[in-house]
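Heads up, the thing below is written out as structure tokens.
The values are calculated or read from the model by the stated rules, or taken from the named source; none is laboratory data. On a predicted model such as this, the values are computed, not experimentally measured, just so you know. As a convention, Cβ positions derive from the backbone with ideal geometry for all residues, glycine included, and neighbour counts pool all protein chains shown. Just the protein is used for accessible areas: all its heavy atoms, side chains included, with ligands, DNA and RNA removed. Shrake-Rupley method; radii C 1.70, N 1.55, O 1.52, S 1.80 Å.
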Amino acid sequence: MRVLGIESSCDDTGVGVYDGERGLLAHRLASQTVHEIFGGVVPELAARDHIRLLLPLVRRVLEDAEPGGPPPDAVAYTRGPGLAGALLVGASVGRSLAWAWGVPALGVHHMEGHLLAPLLEADPPEFPFVALLVSGGHTQLVDVAAPGRYRILGATLDDAAGEAFDKTAKLLGLGFPGGPAVAKAAADGRAGRFRFPRPMLDRPGLEFSFSGLKTHTLIVANEHRDAEGRLDSQTVCDIARAFEEAAVETLCVKSLRALEAAGRTRLVVAGGVGANRSLRALLDARTTDAGCRVYYSRLEFCTDNGAMIAFAGYLRLAAGERLESGSFEVMPRWSLESLPPIGSAA
Ligand code: KG4
Ligand code: ZN
């Protein structure tokens with residue numbers, strides 16, 4: 001079975017084709033630049049850009065997969081969670097194509113796409129495992145007993161990890177999207193100039209909170225501004241480094257606690273913040289010390305992409321799942337735990 005996957009939950013338009021026998025055949029991403037001047041994603045502009053970008057991208061990816069080839073056997077699109085208008089573009093295009101081709105369609109959970117993306121790599125993790133999902137909208141630790149069987153062990157009480165990176169970038173004047181910009185500045189930061197608090201590490205539990213760290217970052221930045229409100233570039237890098245160290249250590253310590261609590265030895269890291277090199281280095285070191293192993297997807301599949309939706313959709317469609325009903329309702333808010341185990345539809 002060959003599945004076309006469409007991702008349009010936020011500001012990236014992604015398309016991929018996954019084949020059950022031959023694996024991932026093609027994928028492309030069109031990242032929207034229209035939001036940069038606003039310093040954050042503007043939902044209405046995201047939806048309009050998806051409309052503009054999606055069909056030409058689908059055409060190109062299908063050509064990449066097999067020039068002049070037959071239509072795919074099924075279509076998977078992101079049904080949620082995400083921005084309602086943006087999701088509706090992917091859902092309506094995905095369902096219309098499926099209807100025109102006379103093939104089944106299925107709405108996929110965006111975070112399941114992220115979570116399963118490391119299975120596209122050459123040395124994939126076996127089940128069961130614990131997943132650390134760290135994106136712009138989510139920070140969750142999930143126990144994954146089997147494909148599609150998810151139990152949330154802990155989540156953020158306020159900001160998501162990626163959101164904290166984005167807000168830190170904004171207050172340091174580093175631009176958008178913030179995660180890669182903060183990481184780049186942090187690489188030039190000096191160790192030990194600032195030490196920021198590690199949120200929620202002093203108490204038990206697997207919840208996260210990043211708003212206190214964000215406020216602390218703001219206070220330190222304001223203390224160092226000159227009369228014109230400017231920060232010197234070394235201080236920007238030093239603050240970025242202190243922020244990154246605190247965020248990364250928090251994610252790492254909680255992930256190890258989650259592995260122990262769930263009795264698992266494999267950790268899967270997914271979502272945009274999973275591309276962070278400092279996070280990867282610390283997780284690699286600490287999981288090895290604990291006798292565990294950590295799995296990632298390639299960098300381009302940490303952030304939003306169509307390949308992960310094609311793959312997650314393939315797993316569910318190949319197991320017999322089909323579109324819920326005739327409507328194309330999207331789910332801007334949608335719990336991973338409410339999904340049926342993969343294979344339960346057959
Ligand atoms: O998974 P994703 O592409 O979109 C969502 O589903 O939210 O994640 C995007 C988030 C953004 O907040 C971005 O700043 C963050 O991931 N991010 C990073 C890095 N690359 C992307 N955060 C820290 N370090 C990075 N290298
Ligand atoms: Zn995402």
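Figures for the structure shown
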quantity: Any hit, the range 44-62, residues being open to solvent by 50 Å² or more (accessible area, probe 1.4 Å), modelled with pLDDT under 95 and in contact with a helix residue (DSSP H, G or I) (Cβ under 7 Å, 6 or more places away or on another chain); calculated: yes
quantity: Of residues in the range 137-158 being over 18 Å from HIS110 (Cβ atoms) and not in a strand (DSSP E or B), the one most open to solvent (accessible area, probe 1.4 Å); calculated: LEU157
quantity: Output for the range 261-273, where each listed residue is in contact (Cβ under 8 Å) with a residue 24 or more places away in the chain, open to solvent by 10 Å² or more (accessible area, probe 1.4 Å) and more than 12 Å from ALA161 (Cβ to Cβ); calculated: ALA261, ALA262, ARG264, THR265, ARG266
quantity: Subset of the range 114-124 (residues that are open to solvent by 10 Å² or more (accessible area, probe 1.4 Å) and either in contact with a Phe, Trp or Tyr (Cβ under 9 Å, 6 or more places away or on another chain) or within 16 Å of ligand 1 (Cβ to nearest atom) (or both)); calculated: LEU119, LEU120, GLU121, ASP123, PRO124
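To keep it simple, each residue is scored yes or no on (1) hydroxyl-bearing (Ser, Thr, Tyr); (2) surrounded by 19 or more Cβ atoms within 10 Å (Cβ to Cβ).
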{"residue": "ALA275", "(1), (2)": "no, yes"}
{"residue": "SER297", "(1), (2)": "yes, yes"}
{"residue": "PHE301", "(1), (2)": "no, yes"}
{"residue": "ASN305", "(1), (2)": "no, yes"}
{"residue": "MET308", "(1), (2)": "no, yes"}
{"residue": "TYR314", "(1), (2)": "yes, yes"}
{"residue": "PRO332", "(1), (2)": "no, no"}
{"residue": "SER335", "(1), (2)": "yes, no"}
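A quick yes/no check of all residues on (1) away from ligand 1 (no atom under 11 Å from the Cβ); (2) open to solvent by less than 30 Å² (accessible area, probe 1.4 Å); (3) touching a Gly at 6+ places or on another chain (Cβ under 7 Å):
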| site | (1), (2), (3) |
| --- | --- |
| ALA161 | no, yes, no |
| THR168 | no, yes, yes |
| LEU171 | yes, no, no |
| PRO177 | no, no, no |
| PRO180 | no, no, no |
| LYS184 | no, no, no |
